[in-house]
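Read-outs throughout are calculated quantities, based only on the coordinates presented, and are distinct from any laboratory measurement. Keep in mind the model is a prediction, meaning the values are calculated, not measured. Neighbour counts run over all protein chains shown; Cβ positions are idealised from the backbone, glycine included.
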Amino acid sequence: MKRAAWAVPALITSYALLGLLMNSVGTVILQSIAHYGVTKPQAATLEACKDLSVVVASFLFATNLPRFGFRRAQIGVMLAVAAGAVAISFANSFWAMQIFFVLVGLCFGIAKVATYSSIGLVRPDPARHASLTSLIEGVFMVGILAGIWLFGWFIGQDATGQGWLGVYRVIAVLAVLAAVLWWFADLDEGAAKPVEGPSGYRDALALLVLPSTIAFLTAIFLYVLIEQGVGTWLPTFNNQVLHLPGAMSVQASSIFVAALAVGRLSASGLVARLGWLKLLLGCLALIAALVLLTLPTTQGLKPRADMGWFDAPIAAYIFPLIGVFMAPIYPIVSSVVLSALPRERHAAMVGLMVIFSALGGTIGSFITGFTFDRFSGQTAFYLVLVPLALIALALVRLEKLTRTA
């Protein structure tokens, strides 16, 4: 196998592993509430730890990564993740988790810019770019799904309150293997090197004032606000509203992640048939329909000591299916915008995308957690209808701007 052929597997593997870690925060929130005695708003600070550090990483490093090298950055990120995972596996405190998620956020911010910028290097034409983007994001969700079951298994085997931390030793081994994969990969980064014109922060600012960029970042921000708000708090919703057992609450949330994976892996073929705007507006309508049909069935449920998979509330299986229709939004909109830009400007645009995604994730998790704590889990999830409507407006605006550009 030629070294250049290792680039795509390396991209997929490292991005999926970081997806596993970034989205484990919902499980860690549940564990923190149970074992560290923190409140829901305090536990939600874990989301801020990872997402705000993503913003910092993107702001400080995104525009300079082409000079440093995407491949070298990925190797460094994987080794840092391995070291952090080993350290946290021996810690047993909430503050240690906060520090660990700061590290994870910094690594993800760097790796996401490197990953999305590298897609344009290995798949330069728009059709193959969209296909690889959907594939990488789909496997990203598979990584999250695997992580949910991995964490769920360790939680189910934990009899001491800290045995579940052993999951991080497994993650450390996987990170080392991903670093080795990148070591053998070869990536031609010549097309991503800066050229004459705006560079660094000036390039990002020049992109930021464009109307199409504003519409794009608005849609991305609101999408991640919904995805992280639902994904982070779904284990707690399963446990405290649907009254599922602890380990089952975590594992049942994998339905949402599996739905996201299915939606992303199957989206690329539908874009060519329907056009991206019709497809995404249809998806938004179906998300709203599922929310309105499912959440009323969660009212008045009572806990049962013997609850299992065959007698769980129907909402545990139906509500997470919104992920199928949420899934295409992020990769398709990102590909539409990135494939229209020169490759040397991808890093700057991805940096902006990562920053607004991280802000959306932090704010979404905080709003959902606050609403959950002060009102109810149902009210928290009904709120997704507001950003859904705003995303639809942003997508219509983006399509008009890209069509007339």
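Sort 347-358, 94-105 for me by packing, meaning the mean count of neighbouring Cβ atoms within 10 Å per residue, highest on top.
Working: 347-358: 26.5, 94-105: 20.1.
Per-residue mean Cβ counts within 10 Å order the peptides as 347-358, 94-105.
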Would you mind computing, in nm to one decimal, how far apart the modelled labels at Trp149 and Gln162 are, each placed 7 Å from Cα along Cα→Cβ?
3.0 nm
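Quick test of the membrane-span-like rule: which DSSP H helices of the chain reach at least 20 Å along their long axis (C-alpha atoms) with mean Kyte hydropathy at least 0.5? Write out the running numbers ahead of the final one.
Details: long enough: 7-22 (22 Å, 1.89); 45-61 (23 Å, 1.32); 70-88 (27 Å, 1.45); 94-122 (41 Å, 1.71); 126-157 (46 Å, 1.09); 167-184 (27 Å, 2.18); 211-240 (43 Å, 0.73); 254-274 (29 Å, 1.52); 276-294 (27 Å, 2.36); 346-374 (41 Å, 1.14); 385-404 (29 Å, 1.27).
Long hydrophobic helices here: 7-22, 45-61, 70-88, 94-122, 126-157, 167-184, 211-240, 254-274, 276-294, 346-374, 385-404.
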Relative contact order of the stretch 33-144, defined on C-alpha pairs under 8 angstrom at six or more residues apart (%):
36 percent
Given axes a ≥ b ≥ c from the Cα gyration tensor, I'd like to know whether the chain is rounded (a/c under 1.5), prolate (a/b larger than b/c) or oblate.
oblate
Cβ-based net charge around Ala392, under 14 Å, with every Lys or Arg adding one and every Asp or Glu removing one:
+2
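Tell me, what is the FRET efficiency for Leu390 and Ile214 to the nearest 0.05, using R0 = 22 angstrom and their Cβ-Cβ distance as r? Write down the numbers at each step before the final one.
Details: r = 13 Å, r/R0 = 0.59.
Working from the Cβ atoms, E equals 0.95.
Defining a contact as two alpha carbons under 8 Å apart and six or more residues distant in sequence, what relative contact order in percent does the stretch 253-358 show?
So the answer I get is 45 percent.
Quick check on the exposure proxy: order Tyr36, Tyr317, Tyr168 from fewest to most C-beta atoms within 10 angstrom. Each step should come with its number before you reach the end.
Numbers: Tyr36 17, Tyr317 13, Tyr168 23.
Ordered from fewest to most neighbouring Cβ atoms within 10 Å, Tyr36, Tyr317, Tyr168 come out as Tyr317, Tyr36, Tyr168.
If you take the square roots of the eigenvalues of the alpha-carbon gyration tensor of the stretch 35-87 and sort them as a ≥ b ≥ c, do you get rounded (a/c under 1.5), prolate (a/b over b/c) or oblate? If you can, show how the numbers build up before the last one.
Values: a/c = 5.95, a/b = 1.80, b/c = 3.31.
It comes out oblate by the Cα gyration axes.
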Separation of the Thr39 and Phe90 label points, Cα + 7 Å toward Cβ, nm:
3.5 nm
Starting from the 7 Å offset along Cα-to-Cβ, what nm value, one decimal, do you get for the label separation of Leu274 and Phe375?
2.9 nm
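Where does each of Asp373, Asp203, Asp311, Asp188 land when they are ranked from fewest to most other beta-carbon atoms within 10 angstrom? It would help to have the intermediate numbers written out before the result.
Numbers: Asp373 15, Asp203 20, Asp311 8, Asp188 11.
Result, fewest neighbours first: Asp311, Asp188, Asp373, Asp203.
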For His346, His243, what's the fewest-to-most ordering of other Cβ within 10 Å of each Cβ?
His243, His346
